[in-house]
Amino acid sequence: MAIVAAFFGVSVLVVGRAARKSPQAMMVAAIATYLVKIVLLAVVVSTLNGTTAFSTRTLGFTAIGCILIWSATQVLTTIKLKMLYVEPEQPAVRRGG
């Protein structure tokens with residue numbers, strides 16, 4: 001559970017900071033963190049392979065459960081937040097004439 005929370009937490013922090021700069025920086029940060037997390041997850045899973053300290057099947061189901069809960073929370077937060085995803089068009093200024 002800590003692995004999933006750490007991975008998602010890092011994404012929120014990195015992408016949030018990049019979003020303050022520009023949408024392009026946000027997308028680059030999102031893709032880069034995704035790729036880094038995939039590589040790190042592969043390293044963690046291969047390191048834990050063959051260990052008898054815990055059940056790998058339980059680890060997998062716990063990770064899937066945490067991912068589903070995190071994703072559902074993100075969806076619900078996005079629905080309730082009602083943030084604009086486009087800039088509203090400014091009304092044209094009329095000049096007397």
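Values quoted throughout were computed directly from the atomic coordinates according to the rules given, and no laboratory measurement underlies them. These numbers were taken from a predicted model, which means no experiment stands behind them. Don't worry about glycine lacking a Cβ; one is built from the backbone with ideal geometry, like all the others, and counts go over all protein chains shown.
From the coordinates of this entry, percent of Cα pairs over 20 Å apart is computed, and it appears in (i) 33; (ii) 38; (iii) 56 under the label (iii). Short to long, the 10 Å bins of the Cα pair-distance histogram for the stretch 38-77 hold 26, 42, 24, 7 percent of all pairs.
Karplus-derived 3J(HN,Hα) values for the stretch 62-69, using 6.51 cos²θ - 1.76 cosθ + 1.60 with θ = phi - 60°, are 5, 4, 4, x, 5, 5, 5, 5 Hz; glycine and proline are entered as x. Taking θ as phi - 60° and the Karplus parameters 6.51, -1.76 and 1.60, the scalar couplings of the stretch 19-27 work out to 5, 5, 7, 5, x, 5, 5, 5, 5 Hz in sequence order, x denoting glycine and proline.
Highest mean first, the peptides 50-62, 27-39, 66-78 sorted by other C-beta atoms within 10 Å per residue fall in the order 27-39, 66-78, 50-62.
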